[in-house]
Each structure stands twice: as C-alpha cells, then as structure tokens.
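Down below is the structure, laid out as structure tokens.
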Amino acid sequence: MSMQSLNQLVARSITDPGIVQAFRAGRIGNVLDELGFTPDLRAQLAGIECDSWAEFAVMSYRQVRAAEAQAPRLQFPSPLEGLLPADSQADQEQVA
Amino acid sequence: MIQITREERHWFLDNVARALVEHSGAAEPPVPIEAILDHPPEAFHEDFGVVDMYSNLWDATFARPPGQRGSIFVRVDLPATARRHALARETLSAMITSKHGRDLGLPDLLMSELKESASYFASILLAPEAFVDAYRAQGGSEALFAESFVLPLEVAESRW
C-alpha cells in the first residue's frame, strides 16, 4: 500500500504542479496526509530534506522499500524458533 | 545531487510514464502517443508540439527554439511503429527541459543517463505494465504483441 501511495504521489506530481509547489513551500506533509502511509512512514517522509522534488521522490522510494522489507520479519515467526509457544518448547526439551 | 541506481531511475520513469497514460484516459493498447502530444497535461502545453519534417539524419529530435514552443521534429516517412517509438522517446526530452520538468528537478535526475532513460521511458510508455499484464491475462499471444501495442519488434521483445 505504501509503495502504491508513493507511486500515486509521484505520478500525480508529473501532471499537477501543486505537488512540487507544496514541497517547495514545506507543506509536503499536508499532501502525504491524503495518502495511505502509516504514521511512522509519513513522519519519515515528511522529514526528508532534499534540494528537488525528484530527489525527494527517490529518497522516499528508499524509505518505503526499506519499510516494506522490514514488514515481513515483523509478521512471521523465525523458522529457528518454530511455531510453538516458548513454554511448550521448554516442556518438549524436558521430555527429551 | 544524490547518486541514484538504475533501478531507482527506472522506478521514477515508470511513474512519469504512468502519469501520461492516465492523463490520456487510455484503457487498452495502443497508447495514443500522438493524442498525448496533441493534448498534453496543462503543465506541458508549451512543450509537446510535433512537427513533421523531411530528414535523412535522424528519426526524431526535440528542440526548443528560443522564446517558442518546444517541438519534436519527426521524419515524415517513418513507419508507424518507429514513429510512435521516436515520439515517445523524445517526449522525455520535452519534459526534462520544460519549465515544469525543471521545477520537478528532472534534469539533475535524468540528464546524465538521458539516452538509456529515454529508451526505457519510450518502451514503458508504449507498453505500460498494467496493459501488458491485462493482455497476457486475456490470453494475448507473443506473436501479436507487437501488432497489438504498435511497437517496433525489438521493443516488443524487451517488453514481453
């Protein structure tokens, strides 16, 4: 969703000069509020400082990719830990 | 100016192309490149002219005479597929050198790799990923891909 939102923002900036005007005026946070970024990512993107809109777009792409790369590790348990709860694993070790 | 990778540059160009396709309202191939140039987004009204010319030197080139509208000068005798690709390729130069393109920061991002960027941009503008995916999903064949999208064969091969 975040990359989709960023794609939508960058594509819109090509035909809508209002986006780059908002960026130059330091109001890009207002534009980001209209899109589907998480609060954390929205704060990260709003804090990017760049000389141009195109640079901002690329820096945002890096941030969104990094955030999306981290997301699966937060959602799934490590294969090393297995799917059993910790106390259940301890019980099995004691049996063995 | 930050250093960017080829993949990042292509991602950016994907979105530039997507903006033009969405503006055109096209929902299926072929992408109407001549209509995009005839009726550009407001921000590019002074940049998207097309002038047919007799030339043996090049297929198309963008130029912006001082104080005048920018135009793509294109050979009048090109086959349809070559003409569409040449127009799409030169559209990127028109955008980069436009006022809005400079406001966006396009020259710093794209000028150093202009030739490769323009070639990639043309292929993605004429065969957007969404259109290619839909064509495949509907059982479209590789044999008719170039014809359906009105692409030069080498571009069709790179996009299939």
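Going through A:Gln8, A:Gln4 one at a time, which residue ends up being surrounded by fewer than 16 Cβ atoms within 10 Å (Cβ to Cβ), within 22 Å of B:Leu20 (Cα to Cα) and within 13 Å of chain B (Cβ to nearest Cβ)?
Sole residue among the options that is surrounded by fewer than 16 Cβ atoms within 10 Å (Cβ to Cβ), within 22 Å of B:Leu20 (Cα to Cα) and within 13 Å of chain B (Cβ to nearest Cβ): A:Gln4.
Of everything in the stretch B:1-41, what is facing another protein chain (nearest Cβ under 9 Å), under 15 Å from B:Leu92 (Cα atoms) and of a type in the set (Asp, Glu)? Give them in sequence order.
B:Asp14
Going by the structure shown, is A:Arg65 modelled with pLDDT of 95 or more and of a type in the set (D, E, K, R)?
Spelling it out, A:Arg65 is indeed modelled with pLDDT of 95 or more and of a type in the set (D, E, K, R).
Filter the strands (runs of 3 or more DSSP E) completely within the stretch B:1-93 down to those with at least 1 residues that are surrounded by 21 or more Cβ atoms within 10 Å (Cβ to Cβ).
B:60-63, B:71-75
Looking only at the stretch B:1-26, count how many residues are among the small types (Gly, Ala, Ser) and modelled with pLDDT under 95.
Here the count works out to 0.
For A:Asp16, work out the one condition from (1) within 28 Å of A:Ala71 (Cα to Cα); (2) surrounded by 12 or more Cβ atoms within 10 Å (Cβ to Cβ) it doesn't fulfil.
(1)
If you go through the stretch A:22-31 one residue at a time, do you hit one that is at pLDDT 95 or above, surrounded by fewer than 17 Cβ atoms within 10 Å (Cβ to Cβ) and within 14 Å of another protein chain (Cβ to nearest Cβ)?
Yes: the stretch A:22-31 contains one or more residues that are at pLDDT 95 or above, surrounded by fewer than 17 Cβ atoms within 10 Å (Cβ to Cβ) and within 14 Å of another protein chain (Cβ to nearest Cβ).
Which condition number does B:His100 fail, the rest of (1) within 23 Å of B:Ser112 (Cβ to Cβ); (2) buried (at least 21 other Cβ atoms within 10 Å of the Cβ); (3) within 14 Å of the chain's Cα centre (by Cα) being met?
Unmet condition: (3).
Looking only at the stretch B:90-115, which residues are in contact (Cβ under 8 Å) with a residue 60 or more places away in the chain and of a type outside the set (A, V, I, L, M)?
B:Thr91, B:Asp108, B:Glu113
Which residues, taken from the stretch A:40-66, are more than 14 Å from chain B (Cβ to nearest Cβ) and touching a helix residue (DSSP H, G or I) at 6+ places or on another chain (Cβ under 6 Å)?
Result: A:Leu41, A:Arg42, A:Gln44, A:Leu45, A:Ala46.
Go through the stretch B:109-129 and count every residue that is over 16 Å from the mean Cα position of the chain (by Cα) and modelled with pLDDT of 95 or more.
So the count comes out to 1.
Among the residues of the stretch B:24-71, what is the count of those that are small (Gly, Ala, Ser) and touching a strand residue (DSSP E or B) at 6+ places or on another chain (Cβ under 8 Å)?
6
The values are calculated or read from the model by the stated rules, or taken from the named source; none is laboratory data. For clarity, every value in this text was computed on a predicted model and none was experimentally measured. When we count neighbours, we look across all protein chains shown, and the Cβ atoms used for this are built from the backbone with ideal geometry, even at glycine.
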